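The values are calculated or read from the model by the stated rules, or taken from the named source; none is laboratory data. Owing to the predicted nature of the structure, the values given are computational and were not obtained by experimental measurement. Cβ sites come from the backbone with ideal geometry, for glycine too, and all protein chains shown count toward neighbours. Ligands, DNA and RNA are excluded from the accessible area calculation, which covers all protein heavy atoms including side chains. Shrake-Rupley method; radii C 1.70, N 1.55, O 1.52, S 1.80 Å.
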Amino acid sequence: IEAQDRALLQTLSKDIDPRVRFYLGRLVWRFFDKWPEFIWNTLERWIAEIPSNNGSPGVLRGTLQNGWFWPLWKSDEKRATTLIRRLRHEVASLKKDDLRQMVGDWLGILWFRKEQEWCHALLQEDIKALPENIDELEGAEYTALELIMPRNAGTTSDEDQRKRALAFLIELISHSHSILTTSQEEVNALPPEKRPKELPPWVRQLANLVH
């Protein structure tokens, strides 16, 4: 990549208009083989900027598509681990968001497929923190059911991968059921006139997660 083209890409990656960065993000993977450090630095900066409310979540939704994480993982496993951990930390501040589900999806893939214990630990933290981390767990649940243990399609998952996915689902369902039961008991203990007319959104979301 010519020096002037590198300078242009750097400028575009820092443009104040998130639409410019969004379109760059959709194309940025084309440069990974020729200039990987630009991809690393750009993603790390955009992730760090999530709390600044400058449009970075929307930009990242366009960038982090399909198997985006694998080139990073294969290039530098340690740096990729740091990046996904930082992404998990930053998106936690967002309300219900598909970026949070995507993080959970990748944590599930790395635990079920690659047996990364740190991912297992984070998923267990998310289960214990319910209902705060429902979005992340929705992503991991989808991976377990649709990628590792699909009902109506063949799978390349081996027995150990399916065992890890099944153990995760059992733990998730068990803990979710306990939380929902406790919530219902608390509602039933209220006088009829003080009982909420509608279920809180998190109760409906959690119920949908485990049914």
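Using Cα-only point scatterers and the Debye equation, what is log10 of I(q)/I(0) for the chain at each q in 0.09, 0.13 Å⁻¹, rounded to two decimals?
-0.43, -0.81
Counting only pairs 8 or more residues apart or on different chains, how many lysine pairs in the chain have their Cα atoms under 19 Å apart?
Values: 34/74; 74/114; 78/114; 95/128; 96/128; 114/163.
Pairs that pass both the separation and distance tests number 6.
Return the carbon/sulfur percentage of the accessible area of the chain, one whole number, probe 1.4 Å, all protein chains in place. All intermediate terms of the calculation are to be shown ahead of the outcome.
Working: 6300 of 12190 Å².
Answer for the chain: carbon and sulfur cover 52 percent of the accessible area.
Using packing as a proxy for protection, rank 191-197, 12-18 so that the peptide with the highest average count of other Cβ atoms within 10 Å comes first.
Working: 191-197: 7.0, 12-18: 14.1.
Answer by packing, highest mean first, reads 12-18, 191-197.
Whole number please: convex hull volume per residue, Cα atoms of region 107-148, in Å³. Walk me through the intermediate numbers first.
On the way: hull volume 2.0 nm³, N = 42.
Normalising the Cα hull of region 107-148 by residue number yields 47 Å³.
Compute the angle between helix 98-112 and the longest alpha-carbon principal axis of the chain, please, reported from 0 to 90 degrees and rounded to the nearest 10.
90 degrees
List the GluC sites (Glu not before Pro) within region 57-134 that DSSP assigns to loop and that have no more than 12 neighbouring Cβ atoms inside 10 Å. Can you show the working numbers first?
Details: sites: 77, 90, 115, 117, 125, 132; in loops: 115, 132.
Passing both the DSSP loop test and the Cβ count: 115, 132.
Once the other residues with Cβ under 15 Å from the Cβ of residue 158 are scored (Lys, Arg +1; Asp, Glu -1), what is the net sum? The partial results should precede the final answer.
Details: positive: 113, 114, 162, 163, 164; negative: 115, 159, 160.
The answer is +2.
Give the accessible surface of region 73-211 per residue, rounded to a whole number of Å², with probe radius 1.4 Å and ligands, DNA and RNA excluded.
Details: 8160 Å² over 139 residues.
Computed with neighbouring chains in place, this is 59 Å² per residue.
Tabulate in residue order the Karplus-calculated ³J(HN,Hα) for region 170-181, using 6.51 cos²θ - 1.76 cosθ + 1.60 with θ = phi - 60°, rounded to whole Hz; enter x for Gly and Pro.
Per-residue couplings from phi come out as 5, 5, 5, 5, 4, 5, 5, 4, 4, 5, 5, 5 Hz.
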